[in-house]
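Bear in mind these aren't lab numbers, they're just calculated from the coordinates by the rules spelled out. These numbers come from a predicted model, not from an experiment. Counting neighbours? That spans all protein chains shown, and the Cβs are built from the backbone with ideal geometry, glycine included.
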Amino acid sequence: MTHWKPQLQAIDLGAWPTVAHTALDEAAGCAFERRRQAVVRYVAGESVKSIELSTGVNRRQGFVKLTVVN
């Protein structure tokens with residue numbers, strides 16, 4: 001899929017720090033996983049509308065504010 005923000009394709013999510021999500025309670029763990037999926041899908045080029053519908057994470061929650069720092 002062609003991404004409308006090519007600079008996001010340079011983001012290496014594998015280099016991001018890991019989160020001990022198992023230490024979170026069930027509600028917080030579920031919320032974290034939904035937000036993580038939103039970021040992964042956004043970086044992969046999925047449409048914002050599709051991400052909102054599939055994860056329940058609203059664009060106002062910040063996943064569309066990713067920037068690349070060189």
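Listed here are the residues, each with its yes/no results for (1) assigned to a helix (DSSP H, G or I); (2) hydroxyl-bearing (Ser, Thr, Tyr).
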site	(1), (2)
GLN9	yes, no
THR18	no, yes
ALA28	yes, no
GLN37	yes, no
TYR42	yes, yes
GLU46	no, no
ILE51	yes, no
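For GLU33, indicate whether it is surrounded by 15 or more Cβ atoms within 10 Å (Cβ to Cβ) and out of contact with any Phe, Trp or Tyr (no Cβ under 9 Å at 6 or more places or on another chain). Explain how you work it out, then say what you get.
On the way: surrounded by 15 or more Cβ atoms within 10 Å (Cβ to Cβ): no; out of contact with any Phe, Trp or Tyr (no Cβ under 9 Å at 6 or more places or on another chain): yes.
No: the conditions fail for GLU33.
Could you grab me the full set of residues in segment 17-35 that are among the small types (Gly, Ala, Ser) and within 17 Å of ASN58 (Cβ to Cβ)? Full working, then the answer.
Step one: filter segment 17-35 for residues among the small types (Gly, Ala, Ser), giving 20, 23, 27-29, 31.
Scanning segment 17-35 gives a single hit, ALA31.
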